[in-house]
Each structure stands twice: as C-alpha cells, then as structure tokens.
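Structure first, then comments.
No lab work stands behind these numbers, since they all come straight from the coordinates. Here the structure is a predicted model, which means the values were calculated and not measured. Neighbour counts are summed over all protein chains in view; Cβ atoms, including those assigned to glycine, are modelled from backbone coordinates with ideal geometry.
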Amino acid sequence: MLFVRVLLFSFTSSTTFAFLHPGLLVNNQDITRAKTKIDAKLEPWSSSWNKLTSIPYSSASYSSNAVSTVSRNSNGELLWHDAAAAFNLALRWKISGNDTYAATAAKIIVSWADTLEALSGSNDDDYLTAGLQGYELANAIELLRDYPPFVENGLSAAASMMTSIFLPMNLDFLNHVLGSEHNHKHFFANWELCNVASAMAIAVVVDNSTLWDFAVDYFKTGTGNGAINNAITNLVQEPGTGNLLGQGQESGRDQGHSAMDYQLLGAIGQQAWNQGEDLFGYNDSRILLGAEYFARYNLGYDVPFENYTNGIVSYSSISSSSRGAIRPAWEVLYAHYVQIKGLSAPWTTAYLNKTLERFGGFEEGAGSWGEGSGHYDGLGWGSLLYHMEDSDVSKVTSRSSKA
Ligand SMILES: *[C@@H]1O[C@H](CO)[C@@H](O)[C@H](O)[C@H]1NC(C)=O
Ligand SMILES: *[C@@H]1O[C@H](CO)[C@@H](O)[C@H](O)[C@H]1NC(C)=O
Ligand SMILES: *[C@@H]1O[C@H](CO)[C@@H](O)[C@H](O)[C@H]1NC(C)=O
Ligand SMILES: *[C@@H]1O[C@H](CO)[C@@H](O)[C@H](O)[C@H]1NC(C)=O
Ligand SMILES: *[C@@H]1O[C@H](CO)[C@@H](O)[C@H](O)[C@H]1NC(C)=O
C-alpha cells in the first residue's frame, strides 16, 4: 500500500517536503512489529531483544565518553561506542516504553553535543568518522525525537553538532575538495557511501530537503565511488543462468570491505525507502545485482570479473581475501527485495541464512558481536527490525516515490 509523499504549499508558494519521523533506519511500523513479536515470544525477535537488553551498550547506567576531539586512529572507539549505545538505548526505549533508556540515550548525545569540537588528527580517516558515526548518531537522534525532554532540551544542540561538525565534512568529501580527490574515484566505495548515508540522515534530522536532494542525487549520478553506478561498476552474467550480477568496486580489493559496501547500501536504501525514495529499486535494483554477486562469490561459487582500474589501483581478478566475510547486513536486503518486492534473490537469501547461522539465529547489532572499528560500521539488529513473517508483509506501507 503506497501513499504519496506529502507536499506542503506555504502561502509564499515555496514548496517543502514533509519528512516522515522517525524515518531513517527505523520507522514506527518496525517498532510496532518488534513489540508484537516480542510480546508473543516469537523468534528471532525474542533472542534479538534479549541480546539487545543484556549488553553494556544498552544499559541505563551507560555513561558518555565524550571528548572534544576525535581521531579515528587514536580514540575513535569513544565515539563509535557511544553512538552505538545512544542508538541501542533509543531503540530499547522505543520498544519497551521505559523512559529511563531514552534519558540515558539523550544524556549521551547531549554530552557529545556540548563537548565535541572536531573530528581531526587521523588525516583522511576522519572522513570515515564523519560518515560512519555521522549516520549512526543521526539515527539515534531521529529515534529520540519522540521523547519530549530531548526535543525541549537537547535536539537543537544535537542538530547543531551534526550540521556544524559532521555535515561539512560529509559535503567536502562528496564535493571532492581533498587534494587526492582531483581523481574523483580516489577513495574506495565505502568511504563515500558512509558520507552519503550521513548527509541523508542529517537531512532528515534537520528537515532539510535541499540537503536530502543533494545526497539522493549524488547516489544516483555522482562522480565518485559512492554513486551507485560506480559503487557497482559493471554488470556481468552469472555462469549457468545468464542472470545479471553486479561487480562491486571493492571486489578486487577484498571481501571484508565489499561486505561493508552492502551494509552501507542497505542503510542508504532503507533510509531512502522510509522517505518515499526508492533507491533500492534504482537502475534495475542495482544494489540487489551487487548483493547477488557478492553473496554468490562469498558462498564459494565463481563469478565473472572484469578488469578494474581507477587510475590508482588496478585489479584483474576478484580477491579471495576475507572471502565469506560476515556482517549484520542481510536481513534488510532480504526483507526488502524478496518479501516486500517479491523479487528473486537466491544468493542474498542464502547469504542471510549463512550470517544467521554464524550469529546463532539472529542478526546482532553494534556493541553485541565484537570489538574493533569494523564491528561498528553499522547499527545492525536486522532480525529485530526487519525480519517478517509472510503475514507481516501486507501490513508494510511505504511512501511512494517523490512526486
Ligand atoms: C525502567 O528501567 C529502569 C532501568 O533499567 C528500571 O530500573 C526500572 O524498573 C524500569 N521501569 C519499569 C516501569 O519497568
Ligand atoms: C540545507 O542544506 C543546504 C545544503 O547543505 C544548505 O545550503 C542550507 O543552508 C540548508 N538549509 C537550512 C535551512 O539550514
Ligand atoms: C544503469 O546502468 C547502466 C549499466 O551500467 C548504465 O549504462 C546506465 O547509465 C545506468 N542508468 C542509470 C539511470 O543510472
Ligand atoms: C586484464 O588485465 C590483465 C592483467 O593486466 C591483462 O593481461 C588482460 O589482458 C586484461 N583483460 C582485458 C580484457 O583487458
Ligand atoms: C539455513 O538453511 C538451512 C538449510 O536449508 C536450514 O536448515 C536452516 O534452518 C537455515 N537457517 C536459518 C537461520 O534460517
């Protein structure tokens, strides 16, 4: 069931898009579904919930580690831990209804807003912080918009932290102002994808449709590797079936970073979908074509590979480094393409199965499945948020594409 994204015409006849809130990685339908399943003690929701509510990064007594300067290579974990905790606690609040968790999440965010001055000291890696922790924090803030004490006393400081510290770096990066970016394809796809995700997420938090359009347009037609036709460089034919598969920009590099690309593409797709912009479907579901290529190869099957170069690195074969890489990324892709859209996605389906087996039956989230930066590139909890029984699918409504 689709409904049209609302256009508000003001008396001065300027037009503003009304953003749906909460409308990034999580919307209220996801919360309601999770609650119902947990109340009915169903799996995989119950195990996901038990895990979410048992880890230190979702505890009501978690306290902020805010510092004035974050440098990814020296103290980056302070921010990625706190961003995960803020999101987990906000989610715990939305599902349980217990305000204590919202209060803790709000305290974490406000303390960062009061303390943080810059993301600097790691050279280029600071742009990864701006992108990755940018979209994560924005998602935590977005969930807390329904908590009045935060809206009255926190949201404006939090929004200002996002627009004055994170966003300018997201925009500089995507506008290719760094010296090395004279070659727009200098950075591997994951670097730009996280900055696209962050710019989109901040746009929703601050209700800025100009910024939203910039991020969406960049994804569609940008010149760097965060644009979908560059993130998935070319289409090849699957051996045996002739089905199209999408070769990923990082597939000649290694499979760990390639896995990260699908984690970020899932986040971008879901954030957009919740605002009525179907980036999942863009260009014949190119994200899915890429996911199918990745999943087939990482399940142990061969895929064709076409030579790739960006003028800096050149690859003439797919990399087997970290083949089989697991990230909490596949529930959203499966739910969207197979269940909501009814598309065939055999390799994505099998990869979800593989990741669920590895995680022990449900997709974990940030702070629950391991330490190190790679465990905090995404917020996870896909089984709690996106998993559906067949009878749930018809209840999913979405906004249609922007008129
Ligand atoms: C809300 O959560 C806090 C912190 O875990 C707990 O102490 C309190 O009992 C909870 N309140 C309710 C009504 O469950
Ligand atoms: C919205 O974002 C655009 C692009 O980043 C920016 O130029 C503009 O100032 C922002 N609008 C508001 C009201 O902040
Ligand atoms: C879709 O992908 C094809 C093949 O890579 C490309 O030629 C085309 O420009 C893309 N179209 C859009 C709308 O992005
Ligand atoms: C791909 O690169 C390899 C190694 O540089 C080269 O031998 C081969 O000819 C290239 N293939 C094509 C189709 O250009
Ligand atoms: C994965 O697939 C196997 C074989 O079809 C099945 O037995 C198992 O239950 C699946 N696991 C999950 C977690 O869905």
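First select every other residue whose beta carbon is under 14 angstrom from the beta carbon of Asn183; then total the charges, Lys and Arg +1, Asp and Glu -1. Net charge around Asn183: -2.
Modelled this way, with points 7 Å down the Cα-to-C-beta line, the labels at Thr221 and Ser111 are 4.6 nm from one another.
With the simple model of a label 7 Å out from the Cα in the direction of the Cβ, Val396 to Asn65 spans 3.5 nm. Per residue, the convex hull around the alpha carbon atoms of the stretch 248-308 comes to 81 Å³.
The calculated FRET efficiency for the pair Tyr301 and Leu78, based on their C-beta separation and a Förster distance of 35 Å, comes to about 0.30. Listed values for the stretch 46-59 are Karplus-derived 3J(HN,Hα) couplings in whole Hz (6.51 cos²θ - 1.76 cosθ + 1.60, θ = phi - 60°), namely 4, 5, 4, 5, 4, 5, 3, 7, 10, 9, x, 7, 9, 8, and x replaces Gly and Pro. Scalar couplings 3J(HN,Hα) for the stretch 191-198, obtained by applying the Karplus form with A = 6.51, B = -1.76, C = 1.60 to θ = phi - 60°, are 5, 7, 4, 5, 6, 5, 4, 5 Hz; x denotes Gly and Pro. Here the 3J(HN,Hα) profile of the stretch 264-279, calculated from phi with Karplus coefficients 6.51, -1.76 and 1.60 at θ = phi - 60°, is 6, 5, x, 5, 4, x, 6, 4, 5, 4, 5, 10, x, 10, 8, 6 Hz, Gly and Pro shown as x.
A straight line joining the Cα centroids of the stretch 259-327 and the stretch 204-218 runs 24 Å. Working note: 222 nm ellipticity from helices only, DSSP H runs with n ≥ 4, each -39,500 (n - 2.57), summed and divided by the residues of the chain, gives -15000 deg cm²/dmol to the nearest 500. Does the stretch 2-393 come out rounded, prolate or oblate by the C-alpha gyration tensor, with a ≥ b ≥ c the root eigenvalues, rounded set by a/c under 1.5 and, if not, prolate when a/b is larger than b/c and oblate if not? Judged from the Cα gyration tensor, the stretch 2-393 comes out rounded (a/c under 1.5). Pair-distance distribution of the stretch 66-130: all C-alpha pairs, bin width 10 Å, starting at 0; shares per bin in whole percent are 23, 44, 24, 8, 0. The stretch between Ser164 and Asn50, if pulled fully straight at 0.36 nm per residue, gains 37.4 nm over its current Cα-Cα span. Give the percent of DSSP beta bridges with both residues in the chain that are antiparallel, rounded to the nearest 5. About 75 percent, rounded to the nearest 5.
Considering only Asp146, Asp392, Asp261, the Gaussian network model of the chain with Cα springs below 10 Å gives its largest mean-square fluctuation to Asp392. For a paramagnetic label modelled on Ser320 (point 7 Å from Cα along Cα→Cβ), amide N atoms under 17 Å away belong, within the stretch 215-251, to 251.
Kindly flag which residue pairs out of Lys94/Lys185; Lys41/Lys354; Lys94/Lys395 have an alpha-carbon separation exceeding 30 Å in this structure. Checking Cα-Cα distances, Lys94/Lys185 exceed 30 Å. With a simple spin-label model that places each label point 7 Å from the Cα along the Cα-to-Cβ direction, the separation between Val151 and Arg358 comes to 4.1 nm.
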